[in-house]
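What follows is one structure encoded as structure tokens, with my remarks underneath.
The values are calculated or read from the model by the stated rules, or taken from the named source; none is laboratory data. Because the structure is predicted, anything quoted here is derived from the model rather than measured. Please note: Cβ atoms are built from the backbone with ideal geometry, for glycine as well, and neighbour counts cover all protein chains shown. Ligands, DNA and RNA are stripped out before the accessible areas are found, and what is left, the full protein with its side chains, is counted by its heavy atoms. Shrake-Rupley method; radii C 1.70, N 1.55, O 1.52, S 1.80 Å.
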Amino acid sequence: MIEQALIENINSQMRKGILEYSVLLLIKKKASYSSDIIEELKKAELIVVEGTLYPLLSRLKNNGVLTYSWVESTQGPPRKYYQLTEDGEKLLAEMEKTWNSIEQTITHIKQ
């Protein structure tokens, strides 16, 4: 019998592998506030906590993939909204190619 811990570990690793791609896809749709990103990921059943997302956003910003702007909020302090940079657009295009290749490979293997 397969241990539940093993199943959970494998599922976690698979989700981590697509997290960055998913975040960039969401930000490409529209400039996004971190809480909005978390909400969208939860809707897609890719559950993420702030402690996971913030370091990812910071790393992507430091690598020139994202930029942000401060937007005044009616419900508290200003909010940081993330957008893709030109390099971010290029990275996302490369990730899209990789995703399509992986998807084709898995589809082929499953047949």
- Task: Could you tell me whether the stretch 22-32 includes any residue that is exposed (fewer than 12 other Cβ atoms within 10 Å of the Cβ) and of a type outside the set (D, E, K, R)?
- Result: no
- Query: In the list Ile7, Ile18, Ile2, which residue meets the criterion of being more than 24 Å from Lys80 (Cα to Cα), surrounded by 10 or more Cβ atoms within 10 Å (Cβ to Cβ) and modelled with pLDDT under 95?
  - Reply: Ile7
- Message: I'm trying to understand the selection: among the residues of the stretch 1-55, which are charged (D, E, K, R) and part of a helix (DSSP H, G or I)?
- Response: Glu8, Arg15, Lys16, Glu20, Lys28, Lys29, Asp36, Glu39, Glu40, Lys42, Lys43, Glu50
- Has the stretch 9-19 got any residue that is in contact (Cβ under 8 Å) with a residue 12 or more places away in the chain, of a type outside the set (Lys, Arg) and on the phi < 0 side of the Ramachandran plot? yes
- Message: Considering only the stretch 75-87, I want to know if a residue exists there that is part of a helix (DSSP H, G or I) and surrounded by 15 or more Cβ atoms within 10 Å (Cβ to Cβ).
- Response: no
- Yes/no for Ser101 being open to solvent by less than 90 Å² (accessible area, probe 1.4 Å), among the polar types (S, T, N, Q) and in contact (Cβ under 8 Å) with a residue 12 or more places away in the chain: no
- Query: Which of the residues belonging to the stretch 56-66 are open to solvent by less than 20 Å² (accessible area, probe 1.4 Å) and part of a helix (DSSP H, G or I)?
  - Reply: Leu56, Leu57, Leu60
